[in-house]
Structure formats: C-alpha cells, structure tokens
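First comes the structure, then the notes that go with it.
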Amino acid sequence: MIQSQEFQSIIQAFYDAKDEQGIYETFDHLTYFLGFKYFAIGHHVDLLNPPIASFGISNYSSDWLNEVFHERYFMDDPIHFLCNGRHAGFAWPDSHLLNRLNERHRHILERGALRNFQSGYTIPVHLPGEYSGSCTFATPTSGTIAHNVLPAAFFAASHAFEAIRRLARTAAGLGLEPPPQFTDRQREVILLMGQGKTYAEMGMILGISRETAHQHCKLVFRAYGNIQRCNLIARVLFDGIASFPEMLRKQ
C-alpha cells in the first residue's frame, strides 16, 4: 500500500498543505483510503485552555465533540491514557489494554461506542521537549480493521503530525528549528532507515559493520533530539534532507 501512487500523492499533499483546511482535507482523504471513517490528530492537552502551539484536528461529529467538552472527557481520555509509555501503534478495543483502564475510562469508551466509535487504531507521538500527542483512526463497526493497512497508517500519521506541528508553531510565532547538517554517510543511513532497513542490513549495503551503521544512526537521532524513527523520517523529509522518492527506492 505504501508503494501505491495514491498513497504517495496523499503524503505529498501533507507537504503541500498551506493551512489547517488543507491538512484536514488531506487527512480526510487518507482516512477513507485506509478504510476508516473517523480521524483525530493532535496534542494531549486541556482543550478548554490549550497551550501555545498545541493543535487538534478531527472529523468527529459535533454531537460527540459537544459531549467531550461538556463532560470533560479529554481530561481522562482512555486512548490518550493508553498512549502513555508507548511508541508503537495499537488497535482497540483490546482485552489486554482494557485491563489497564479505570471505570471513568471505560465509561468514555462506552459513550464513544454509542457514537459509532466501535474500534480503531492509534499511533502515539512523543517528541522531545514538546507535548505528547497521537493520531487515531476509527470505524463505526467492530472487527473491521484491515491489519495490512496499519503500517501505512503508522507511516502517514508521522508525516501528518509533522505537517500540522509546523503550521501550529509558525502560527504561534515560534518558528522552526534549522535542520541539522549531515555527512554523506549519515544521509545514506537516513535513506536506509526510511526504507525500514535494520542496522545489519545497512552494514551489508554500505560495506561497513553493523556497529558502525548503528553509530551513524545514533548521531542522526541525536541531531533531532533522539526522536522515534518514524518521526525522524518525517522531519528529514520536511527539512528537505531527503525526498520521498528516495525513501521508496529499493536497494
């Protein structure tokens, strides 16, 4: 799916979006493309008093959003709670995850299910020095998530979050950090990371040891504050250090 032309055009649209409406329309297209109906992406903050440069976008119904605000569900959001300490995406509902929830969390999930949020997939986003966030895709029926689309959802969420993050920071007058400078070798490992290569595979391709490849990657991660690999890839693409076609090129 990641290799499909439509998916690539959706990712490119995040780079081209000039405002929140452009992001919304692109995310709506992505959600439909992946087989979901609803989406929400943003920071985990007090929605009644959002901090500067925080953001949140969704296509949730006005009735559900009114209930969320009126009942202050966002202060005890069960999906946000499950993002704590996690870096990998997770599908819900899941019996193992539900065991971690309290009565308030379960009540909110039950209310959401009545509003057609029966199941979904959430990708946590943790950026050093910034508010935690997440991206959620949801469906109105249970057991309908096609697991083969989850890697594409995970990949796209990182790019969407970075696109909105940049718009929010610019609108708040905070600006963007200048991109780091990388050596030719570091740029090579960036491309290989974007292609999902392991350190051992990088070493074989580049003719270096696994440990040397690992050390190059550590320097790249450190340059971006030790963020997750998926967020790193989105960051270097937005910074123009690499291009999307290069990332998709097979070795």
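Residues being out of contact with any Pro (no Cβ under 7 Å at 6 or more places or on another chain), within 19 Å of H126 (Cβ to Cβ) and free of Cβ contacts under 8 Å to residues at least 40 places away in the same chain are entirely absent from region 14-25. For the condition within 30 Å of S4 (Cβ to Cβ), at pLDDT 90 or above and of a type outside the set (S, T, Y), what is the one hit in L127, L167? It is L167. Any residue in region 189-199 that is in contact (Cβ under 8 Å) with a residue 60 or more places away in the chain, in a loop (DSSP other than H, G, I, E, B) and open to solvent by 40 Å² or more (accessible area, probe 1.4 Å)? For region 189-199, residues in contact (Cβ under 8 Å) with a residue 60 or more places away in the chain, in a loop (DSSP other than H, G, I, E, B) and open to solvent by 40 Å² or more (accessible area, probe 1.4 Å): absent. Within region 114-133, residues that are in a loop (DSSP other than H, G, I, E, B) have Cβ atoms under 9 Å from residues that are crowded, with 22+ Cβ neighbours inside 10 Å and of a type in the set (A, V, I, L, M) in these pairs: N116/A138; F117/A138; Q118/A138; S132/V125, counting only partners at least 6 apart in sequence or on another chain.
For the structure I just gave you, tell me whether A242 is farther than 18 Å from F27 by Cβ, open to solvent by less than 50 Å² (accessible area, probe 1.4 Å), in contact (Cβ under 8 Å) with a residue 12 or more places away in the chain and outside any helix (DSSP H, G or I). Give the steps one after another, and end with the answer.
Values: farther than 18 Å from F27 by Cβ: yes; open to solvent by less than 50 Å² (accessible area, probe 1.4 Å): yes; in contact (Cβ under 8 Å) with a residue 12 or more places away in the chain: yes; outside any helix (DSSP H, G or I): yes.
The answer is yes for A242.
Taken as a whole, region 165-180 holds no residue that is assigned to a helix (DSSP H, G or I), open to solvent by 40 Å² or more (accessible area, probe 1.4 Å), more than 23 Å from S9 (Cα to Cα) and touching a His at 6+ places or on another chain (Cβ under 6 Å).
Do we find that H147 is open to solvent by 10 Å² or more (accessible area, probe 1.4 Å) and within 30 Å of S61 (Cβ to Cβ) in this structure? Taking the combined requirement at face value, the residue satisfies it. On the stretch given as region 93-112, residues that are open to solvent by less than 30 Å² (accessible area, probe 1.4 Å) and either at pLDDT 90 or above or closer than 18 Å to F155 by Cβ (or both) total 4.
Scanning region 1-59 for residues that are aromatic (F, W, Y) and open to solvent by less than 40 Å² (accessible area, probe 1.4 Å) yields F7, F14, F27, F36, Y38, F39, F55.
The values are calculated or read from the model by the stated rules, or taken from the named source; none is laboratory data. All of these numbers come straight from a predicted model, not from anything done at the bench. Because the Cβ atoms are built from the backbone with ideal geometry, glycine has one as well, and the counts that use them run over all protein chains shown. When the accessible area is computed, the model is the full protein with side chains, heavy atoms only, and any ligands, DNA or RNA have been set aside. Shrake-Rupley method; radii C 1.70, N 1.55, O 1.52, S 1.80 Å.
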